[in-house]
Amino acid sequence: LDYMKLDPIHRQYHHDKLTFGMLYNYTENFVLPLSHDEVVHGKKSILDRMPGDAWQKFANLGAYYGWMWAFP
């Protein structure tokens, strides 16, 4: 989620946040969770944390969910 909160201009410097989990991909059994702690207790929704206008926020959210679904 930290990667998706970044402005798209600055994401090119932080690709390691996406690929770090793949280091353990085939050596350990784990699930990549989206914790409920990210959105409870007065924190913003995932959509509100995305940069840009409403269209860009929904596009980023769709990309984020797609990445989580396709992550091996």
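Checked against (1) without any contact (Cβ under 8 Å) to a residue 24 or more places away in the chain; (2) touching a helix residue (DSSP H, G or I) at 6+ places or on another chain (Cβ under 6 Å); (3) of a type in the set (D, E, K, R), K43 meets all criteria but (2). Among the residues of the range 38-72, the ones that are part of a helix (DSSP H, G or I) and under 14 Å from the mean Cα position of the chain (by Cα) come to 19 in all.
Scanning the range 24-37 for residues being part of a helix (DSSP H, G or I) and surrounded by 10 or more Cβ atoms within 10 Å (Cβ to Cβ) gives a total of 1. Could you look through the range 7-23, keep only residues that are charged (D, E, K, R) and outside any loop (DSSP other than H, G, I, E, B), and pick out the one that is farthest from A70 (Cα to Cα)? Among those residues, the one meeting the criterion is R11. Evaluation of M4 against the conditions (1) under 18 Å from A70 (Cα atoms); (2) within 12 Å of the chain's Cα centre (by Cα); (3) at pLDDT below 75 shows that the sole unmet condition is (3).
The values are calculated or read from the model by the stated rules, or taken from the named source; none is laboratory data. Keep in mind that what you see is a predicted model, and the values were worked out from it rather than measured. Heads up, the Cβs are rebuilt from the backbone with ideal geometry, glycines too, and the neighbour counts pull from every protein chain shown.
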